[in-house]
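> Dropping a structure here in C-alpha cells format, bear with me for questions.
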Amino acid sequence: MSLVLTRFREAPLSAWIGIALVLLIGLAAIFAPLLAPFPETEVVGPQYSPWAAPYYLGTDALGRDVLSRMIYGARNTVGIALLTTVLAFLLGAAFGLLAATLGGWVDTVASRVVDVLMAVPSLIFALLVLTITGTSVVALILVIAVLDSTRVYRLSRAVAQGILTMDYVEVARMRGEGLFWIIRREVLPNAAAPLIAEFGLRFCFVFLFISALSFLGLGLQPPIADWGSMVRESAKLISFADFSTWQTATFGLAPLLPAGAIAILTVAVNLIVDWVLHLASGLEE
Amino acid sequence: MSPILKIILSRLAMGFLTLLIVSVLIFSAIELLPGDIATETLGQSATEETVAAFKERFNLNEPMHLRYLYWLQDAIHGDFGVSLSNQRPIAELIASRAENTFFLAGYAALIAVPVALVLGMLAALYRNTAFDKGVSGATLAAISFPEFFVAYILVLIFSVALGWFPSLSSVDAGIGLGERLYRTFLPALTLTLIVVAHMMRMTRAAIINLLALPYVEMAHLKGMRRWRVIAVHALPNALAPIINVVALNLAYLVVGVVLVEVVFVYPGLGQLLVDSVSNRDVPIVQAACLIFAATYILLNMAADILSIIANPRLLHPR
C-alpha cells in the first residue's frame, strides 16, 4: 500500500493533470442528475440562448440546456465506452490467454479469425454490421466490443506466451496444477501491467470510435445526450461564429464544446497510460 | 527462384486470400438481413408475381454459393448491381465518388509524407531540444483528438475567422484542378494532421535507433556535417520501417476519409457509405465496403512487400 502511495507521490505533473481531468469527468458522469441544472432531454428555454444565467452554456436548436446535456453526455458516452471496453477486454483476454495456454488448433483457429477481422478497418466492418442490425445501443456495444477484442487478443496472447516459457510455469505444470489455476495464479498477475495500460488505450479507441459513429448519426440516437451526436447536431453553427462580440463568438463555438470534451478525455487517459507504462517498465528493471 | 521472389509471391497469395475471405464476409451481409429482401424492398403490398419477378431478376432463387460467385464475377467487372432505394446502377453512383475520395486521400498523402519525413529527420537531428519536444507534443495531441475536432478547429480558423478557404468542399466534374485543390484544401489538411504524427514519430525513432551504431560514429569522426550524416548514412538504413509506416498510414487515410468527408460535405465514397448505412441500402454498402477493404488490404500488402525489398535482412529471419 505504501508503495502505491509512493508511486502516486512521485507521479509526474502530466499524470496528475490526467488523473484530475478523468476524476472531474468521472464525477460529472456519476452525479449527473445532481449536478445538471436541467433535465437531459426536456425543452427548457428559447432556442439558441446565449451563454448567460440560467443557461451557462446556452441552449441548442430545440431549446435544451447545453450544460445539462454535456453533463448527461459524459454519463452516456463514457458509460457506454467503459462497458464496451470491459466487454472487449473480457472477450479478448479470455481467448488470448486460452489460445496461448492451450496452443494447437484452438490457437490456430482463433488467430486466423482475428487475422481476418483485423484485415479490414474497424470502421468499415462496423458500418457493414450496423447496416444489418440497425442502429441500437446493444448492437453498437456488441459490434465494437467484438472488433476491439481482436487487439486485446493479440496483446494478451503475446504476453501470455512470454510468461508461459518461464520456469515457474513449468514447475506449476509439473506439480500437476490445472489450466485455470495456471492462468489465474501465474499468468494473469504477471501480465497485469501491460494489460492495464492496454485497457487505457483501448478505452480511448472505443470512446473515439463511439463518438465518431454518433457523429455520423449511426451511434447513440437522439434524444439521448451524447458528445458525438451533440457535435453532429450543432455542426452547422460553426459557420456563424462571429468574433465581433463575445456573445456571437460563443454561439459559433457550440460544436467545439462536445468535441473538445472528447479530445480532453482522450488526452487525459493517454497521459495516465504513459505514466503507467513508464512505471511498468521501471518495475521490470 | 530467388528467395526474395518466393517471399513476395507468398505475401501476394496471402493478400489475395484475405481479400477473398473478406469478400465472402461482405457478401454474407445481405444473407443475414432479417426478413426477406424481396418483400423488404417492394413493400408489404407487393403481389406474388412482382416478388417472383424480383427474385428472378436478382437470382434470389439460386443457392447462396452460386449467388456469391455471380456477385463476385460482376463486382470484378465493376458491376455492383442496382441500389435498393432508387434502382439506379451502383457502378454509376460510385465511379465519380470513388474518384473524389482517392483524389482527396492522394492529395493529403502528397502533403503528409514529405512533411512527416522532414519533421522526423529534424526532430532526430535536434533531439531533446525544445523543437523536438514541441513537435512531439503537437503530434501526440493530433493523435488523441477526434478527426472532427481537428476539422472544426481548422474550419474555425481558416474559414470562419480568416476566410481563406471554403468550409464546405463542394466539387463537381466541371471544375479545374487548381480550383479543386483550393476547395479541398481544408479536408486534405485535416487528414494530413491526423496521419503526420504517427509517420513523423516512426521516422524519428527509426533514425535515432541507428545513431548509436559504429558507422554513424565513424561518419561523425570523419567530420561530416550532422544533417549529412542523417540524410546520407542513417536514412537509407531506416527506410524499411519508414516505408512500412507510410504505407500503413496511407491505408489509414483511406478510412479516415469517411469522417472528414462528412464534416466537409465532400461528395465522396465515405459520405455515400454513411448515407447508405442509415438507409440500409445493402448493395451500396457492400460495394463501398468492398472498395475500402480492398484498398486497405492492398496497401497493407504493399507495406509488407516494400519493407522486405528495402531490408534484405528480413529475408533471413533468425
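The values are calculated or read from the model by the stated rules, or taken from the named source; none is laboratory data. Because the structure is predicted, anything quoted here is derived from the model rather than measured. No Cβ is skipped: glycine too gets one built from the backbone with ideal geometry, and neighbour counts run over all protein chains shown. For the accessible areas, the whole protein counts, side chains as well, though only heavy atoms, and no ligand, DNA or RNA atoms are used. Shrake-Rupley method; radii C 1.70, N 1.55, O 1.52, S 1.80 Å.
> It is to be established whether one or more residues within region B:187-203 are touching a Ser or Thr at 6+ places or on another chain (Cβ under 8 Å), open to solvent by 50 Å² or more (accessible area, probe 1.4 Å), over 30 Å from A:SER229 (Cα atoms) and touching a residue at least 24 places away in the same chain (Cβ under 8 Å).
yes
> Same structure again: Going through region B:243-252 one residue at a time, which ones are open to solvent by less than 10 Å² (accessible area, probe 1.4 Å) and within 11 Å of chain A (Cβ to nearest Cβ)?
Matches in region B:243-252: B:ALA251 only.
> In region A:233-268, what residues are open to solvent by 20 Å² or more (accessible area, probe 1.4 Å), in contact with a Gly (Cβ under 8 Å, 6 or more places away or on another chain) and more than 14 Å from A:LEU57 (Cβ to Cβ)?
A:SER239, A:PHE240, A:ASP242, A:VAL267
> If you take the residues in region A:110-143 that are touching a residue at least 40 places away in the same chain (Cβ under 8 Å) and facing another protein chain (nearest Cβ under 9 Å), which one is nearest to B:ASP275 (Cα to Cα)?
Here the answer is A:LEU127.
> Restricting attention to region A:61-83, report how many residues are more than 23 Å from A:PHE209 (Cβ to Cβ) and open to solvent by 30 Å² or more (accessible area, probe 1.4 Å).
The number of residues fulfilling the criteria is 3.
> Would you please name the residue that is nearest to the other protein chains (Cβ to nearest Cβ), looking only at residues in region B:257-289 that are open to solvent by less than 10 Å² (accessible area, probe 1.4 Å) and in contact with a Lys or Arg (Cβ under 7 Å, 6 or more places away or on another chain)?
Filtering first and then ranking leaves B:LEU269.
> Continuing with the same structure: For the list (1) in contact (Cβ under 8 Å) with a residue 60 or more places away in the chain; (2) part of a helix (DSSP H, G or I); (3) within 14 Å of B:TYR266 (Cα to Cα); (4) more than 14 Å from every other protein chain (Cβ to nearest Cβ), I need the number of the one condition that B:ALA105 fails.
Tallying (1) in contact (Cβ under 8 Å) with a residue 60 or more places away in the chain; (2) part of a helix (DSSP H, G or I); (3) within 14 Å of B:TYR266 (Cα to Cα); (4) more than 14 Å from every other protein chain (Cβ to nearest Cβ), B:ALA105 fails exactly one: (4).
> Inspect region A:37-45 for any residue being open to solvent by 50 Å² or more (accessible area, probe 1.4 Å), outside any helix (DSSP H, G or I), closer than 24 Å to A:ALA241 by Cα and among the small types (Gly, Ala, Ser) and give the result as yes or no.
no
> Still on this structure, I have one more. Taking the options A:LEU34, A:LEU21, name whichever one is surrounded by fewer than 11 Cβ atoms within 10 Å (Cβ to Cβ), modelled with pLDDT of 80 or more, of a type outside the set (S, T, N, Q) and within 22 Å of A:TRP227 (Cα to Cα).
Result of the check over A:LEU34, A:LEU21: A:LEU34.
> Please count how many residues of region B:151-183 are touching a residue at least 12 places away in the same chain (Cβ under 8 Å), of a type in the set (A, V, I, L, M) and either within 11 Å of chain A (Cβ to nearest Cβ) or open to solvent by 30 Å² or more (accessible area, probe 1.4 Å) (or both).
6
> Could you go through region A:144-166 and let me know if any residue there is open to solvent by less than 30 Å² (accessible area, probe 1.4 Å) and without any contact (Cβ under 8 Å) to a residue 24 or more places away in the chain.
No, there is no match, as no residue in region A:144-166 is open to solvent by less than 30 Å² (accessible area, probe 1.4 Å) and without any contact (Cβ under 8 Å) to a residue 24 or more places away in the chain.
> Looking at B:SER136, is it open to solvent by less than 50 Å² (accessible area, probe 1.4 Å), within 14 Å of chain A (Cβ to nearest Cβ) and either among the aliphatic types (A, V, I, L, M) or part of a helix (DSSP H, G or I) (or both)?
On the way: open to solvent by less than 50 Å² (accessible area, probe 1.4 Å): yes; within 14 Å of chain A (Cβ to nearest Cβ): yes; either among the aliphatic types (A, V, I, L, M) or part of a helix (DSSP H, G or I) (or both): yes.
Considered against the rule, which asks whether it is open to solvent by less than 50 Å² (accessible area, probe 1.4 Å), within 14 Å of chain A (Cβ to nearest Cβ) and either among the aliphatic types (A, V, I, L, M) or part of a helix (DSSP H, G or I) (or both), B:SER136 comes out as yes.
> May I pose another question? Can you tell me which residues in region B:156-185 are closer than 19 Å to B:ARG97 by Cβ and aliphatic (A, V, I, L, M)?
B:LEU168, B:VAL171, B:ALA173, B:ILE175, B:LEU177, B:LEU181
> Read through the list (1) closer than 18 Å to A:PHE205 by Cβ; (2) touching a Gly at 6+ places or on another chain (Cβ under 8 Å), then give the number of the only condition that B:GLY256 fails.
Among (1) closer than 18 Å to A:PHE205 by Cβ; (2) touching a Gly at 6+ places or on another chain (Cβ under 8 Å), B:GLY256 violates only (2).
> Give me a count of the residues in region B:163-207 that are part of a helix (DSSP H, G or I) and within 30 Å of B:ASN244 (Cβ to Cβ).
Qualifying residue count, region B:163-207: 24.
> Residues in region A:60-75: is at least one touching a strand residue (DSSP E or B) at 6+ places or on another chain (Cβ under 7 Å) and at positive phi?
No, that holds for no residue.
> Considering only region A:131-160, how many residues are modelled with pLDDT under 85 and in a helix (DSSP H, G or I)?
Of the residues in that region, 3 qualify.
> List the helices (runs of 4 or more DSSP H) inside region A:185-285, counting only whole elements, that have at least 2 residues being modelled with pLDDT under 75 and out of contact with any helix residue (DSSP H, G or I) (no Cβ under 8 Å at 6 or more places or on another chain).
Passing ranges, in order: A:246-252, A:256-284.
> Read through the list (1) more than 10 Å from chain B (Cβ to nearest Cβ); (2) under 13 Å from the mean Cα position of the chain (by Cα); (3) under 26 Å from A:LEU62 (Cβ atoms), then give the number of the only condition that A:MET230 fails.
Of the numbered conditions (1) more than 10 Å from chain B (Cβ to nearest Cβ); (2) under 13 Å from the mean Cα position of the chain (by Cα); (3) under 26 Å from A:LEU62 (Cβ atoms), the odd one out for A:MET230 is (2).
> Give region A:195-223 a look and list any residue that's of a type outside the set (A, V, I, L, M, F, W, C) and open to solvent by 40 Å² or more (accessible area, probe 1.4 Å), or say none. Spell out how you get there, then give the answer.
Of region A:195-223, the ones of a type outside the set (A, V, I, L, M, F, W, C) are A:198, A:200, A:202, A:211, A:214, A:217, A:219, A:221-223.
The answer is A:GLN221, A:PRO222, A:PRO223.
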